[in-house]
């Protein structure tokens, strides 16, 4: 007998979809998930695997990955009590939202932004207060964010800076102003900070008690497959965030990998220099192609607006090049997003766009 289970499920499920990547995750040239084009070198993988081989695989890891947390704290120059590691920053987002939001509480989210923010808030049945980006340049409306947070008495304000998918950033002083002028907790998601011209908000966690900085190792550190994220805040707030945190979610392999990569951080810096150089080169090339409008990029990806966006997306896919069609986001009609790849991959993308531009 088939039973009606609708009453057993969270009603928010009717409003959201399962996460998916349009176009898939396999292609000759894959530029659709904002990944680093560089894998770890073989010698470093061998170091990591040799250390992991000596671990007891039948034992649980630490409740929290304290060794990885201490290593990242030392790297940043902050107190270990201000650091929490998670299985990717996505898990940390769930933890923070569960800590800060309840049914009917209000969260301010600039839009468009990372879709997971609204999804988690919807599952908690919090009220989402959207503040549109500026239509002309997709930049943040700082005055609008502050006004909305005050009017709604928001418990949480979420700032993705540099922002995905628009690629723009807030300055440190703009973040500071928001932190000072709102009464709620301000979450500053810095997934792409290593590529930014702006200063990190990390210094604010020691000056204000309502700031949380979110970091991921999936972008600049090239560890998307390892699932490593961090929250950084004052120890008092961190103790509260830790309460709903799922134990044992970060495995020892990820922790060892983080420690080794931080030890050889010159590899990250070299990769970032290449990506920033290619970002500039690609933008110069795009400027000469008719029918394309570029938006300012402060991340490892570029946003373009092009007529016939869906057709261009399909043509690129047929040519073995995966980009992200972000035209479904508010204010981003006819927009495509692609991350910086290897030089050869970038050239193949540019050649396809030139052919269409002619």
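Modelled with pLDDT of 95 or more and touching a strand residue (DSSP E or B) at 6+ places or on another chain (Cβ under 7 Å): does that describe residue 223?
no
Only one residue in 250, 280 is free of Cβ contacts under 8 Å to residues at least 24 places away in the same chain and farther than 22 Å from residue 114 by Cα. Which one?
280
Considering only residues that are assigned to a loop (DSSP other than H, G, I, E, B) and without any contact (Cβ under 8 Å) to a residue 12 or more places away in the chain, look in region 133-170 and name the one that is farthest from residue 95 (Cα to Cα).
136
Residue 195 - would you say it is surrounded by fewer than 24 Cβ atoms within 10 Å (Cβ to Cβ) and in the same structural domain as residue 101 (by TED's automatic domain parsing)?
yes
Only one residue in 156, 170 is buried (at least 22 other Cβ atoms within 10 Å of the Cβ), under 17 Å from the mean Cα position of the chain (by Cα), closer than 18 Å to residue 213 by Cα and at pLDDT 95 or above, so which one is that?
170
For residue 77, indicate whether it is closer than 30 Å to residue 153 by Cα and exposed (fewer than 12 other Cβ atoms within 10 Å of the Cβ).
Judged against the criteria, residue 77 is not a match.
Yes or no: region 36-43 includes at least one residue that is at positive phi and outside the structural domain of residue 228 (by TED's automatic domain parsing).
No, region 36-43 contains no residue that is at positive phi and outside the structural domain of residue 228 (by TED's automatic domain parsing).
What do you reckon, is residue 236 more than 17 Å from residue 74 (Cβ to Cβ), out of contact with any helix residue (DSSP H, G or I) (no Cβ under 7 Å at 6 or more places or on another chain) and not assigned by TED's automatic domain parsing to the domain that holds residue 35?
Yes: the conditions hold for residue 236.
Within region 34-110, which helices (runs of 4 or more DSSP H) (wholly inside it) include 3 or more residues that are in contact with a helix residue (DSSP H, G or I) (Cβ under 7 Å, 6 or more places away or on another chain) and closer than 24 Å to residue 120 by Cα?
Correct list: 88-100.
If you take the residues in region 26-74 that are within 25 Å of residue 322 (Cβ to Cβ) and loosely packed, with under 11 Cβ neighbours inside 10 Å, which one is farthest from the chain's Cα centre (by Cα)?
28
Here are 147, 135: which of them is out of contact with any strand residue (DSSP E or B) (no Cβ under 9 Å at 6 or more places or on another chain) and surrounded by fewer than 18 Cβ atoms within 10 Å (Cβ to Cβ)?
135
Identify the residue in region 171-190 that is assigned to a loop (DSSP other than H, G, I, E, B) and touching a helix residue (DSSP H, G or I) at 6+ places or on another chain (Cβ under 7 Å) and, among all such residues, is farthest from residue 117 (Cα to Cα).
Of everything passing the filter in region 171-190, 182 is farthest from residue 117 (Cα to Cα).
Return only the number of the condition from (1) closer than 26 Å to residue 305 by Cβ; (2) touching a helix residue (DSSP H, G or I) at 6+ places or on another chain (Cβ under 7 Å); (3) surrounded by 22 or more Cβ atoms within 10 Å (Cβ to Cβ) that residue 201 does not satisfy.
Of everything listed in (1) closer than 26 Å to residue 305 by Cβ; (2) touching a helix residue (DSSP H, G or I) at 6+ places or on another chain (Cβ under 7 Å); (3) surrounded by 22 or more Cβ atoms within 10 Å (Cβ to Cβ), residue 201 misses just condition (1).
Please work out which residue is farthest from residue 19 (Cα to Cα), limiting yourself to region 118-132 and to residues that are assigned to a helix (DSSP H, G or I) and in contact with a helix residue (DSSP H, G or I) (Cβ under 7 Å, 6 or more places away or on another chain).
The qualifying residue farthest from residue 19 (Cα to Cα) is 124.
The values are calculated or read from the model by the stated rules, or taken from the named source; none is laboratory data. Because the structure is a prediction, the values reported are computed rather than measured. Every residue, glycine as well, gets a Cβ built from its backbone with ideal geometry; the counts of neighbours run over all protein chains shown.
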